[in-house]
Every structure is written in C-alpha cells, then in structure tokens.
Amino acid sequence: MRSLWRHTILAAAGALALAAATAAAGAQAAPAAAAEPDSTAITPAMVDAGRAVFRGKGTCFACHGMMLEGTQVAPTLKAHAWKDAKNGDLKNIFAVITHGVPSTVMVAFPGGITKADATNVASYVWSVGRGKAKP
C-alpha cells in the first residue's frame, strides 16, 4: 500500500512539473508584444472600449473624474499642458498607463487591466484630448 501511495505522489509531482514546463515554454513562445499604439489605427470601437474600462474596471475615473476633468488627486486628461504623458502623445499616455508614475497614486495597469485594455484607454484619452471624441 505504501508503495502504491508513493508511486501516486511521484506521478502527480511529475505531471505538475510537466504542466509547469509546458506553461513556461508556451509563455516563451508567445508572440512579441505589439508595437506601441498607433494613433492612425484608433477606431470608434477602441474609444468606446477605452471609455468603458476608464469608467469601470480600470478605476481611472476615481482619480481623473468621470469626464476626465481631473480632481485634487490627479490632473485632467482633456487637452492641457501634459506633465507625465509628454505632449499628450498616444505612446506617452500608453506608457503612463502601463508603467505608472513614480511617487504618485498612478500605478501601472490600474485595476489589473490588460495590455489591450491599456491600449484602448490610451486611445480614448488621446481621442478626447485631441477633440476627436467626447468624454
């Protein structure tokens, strides 16, 4: 009986090791991250998705306001003299969302959003800042 128990434990450990190795290999084989966002590729669907993430799971509205007007905690995201996302460029907005801002409450990937969500939020913020979309 003890031998059967030991065999079962060893088999389970081997299966777990194989699963972990397979997952690690899959992660390494994943395609490279997409290039930085491109403002010419922004679609209305991306803006709408970004707005939903901004007002929902990204929790961006809690600091930046529901209409991107800014609060005492965080600046407006409408057209203004950008501090952290230099010139309000799409790639810089995306960088702030994905890397955060040191010594502030702005964290990377707020609310645990995905990279795709971050692209959509950046597209939304950029579009509003450029007058191409409503908050």
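The values are calculated or read from the model by the stated rules, or taken from the named source; none is laboratory data. On a predicted model such as this, the values are computed, not experimentally measured, just so you know. Note that we place each Cβ from the backbone using ideal geometry, even for glycine, and neighbour counts take in every protein chain shown.
Filtered by the rule that a residue be over 20 Å from Lys78 (Cα atoms) and either modelled with pLDDT under 95 or in a helix (DSSP H, G or I) (or both), the stretch 104-134 gives Gly111, Gly112, Lys115, Ala116.
Among the polar types (S, T, N, Q) and in a loop (DSSP other than H, G, I, E, B), is that true of Thr98? So Thr98 does not fit the description; no. The listed residues are Ala133, Ala81, Ala95, Ala118, and the only one of them that is out of contact with any Phe, Trp or Tyr (no Cβ under 9 Å at 6 or more places or on another chain) and buried (at least 18 other Cβ atoms within 10 Å of the Cβ) turns out to be Ala95. Residues in the stretch 68-86 that are outside any loop (DSSP other than H, G, I, E, B) and within 10 Å of Gly129 (Cβ to Cβ): none. Taken over the stretch 87-101, the criterion of being in contact with a helix residue (DSSP H, G or I) (Cβ under 7 Å, 6 or more places away or on another chain) and farther than 19 Å from Arg130 by Cα is satisfied by Thr98 alone.
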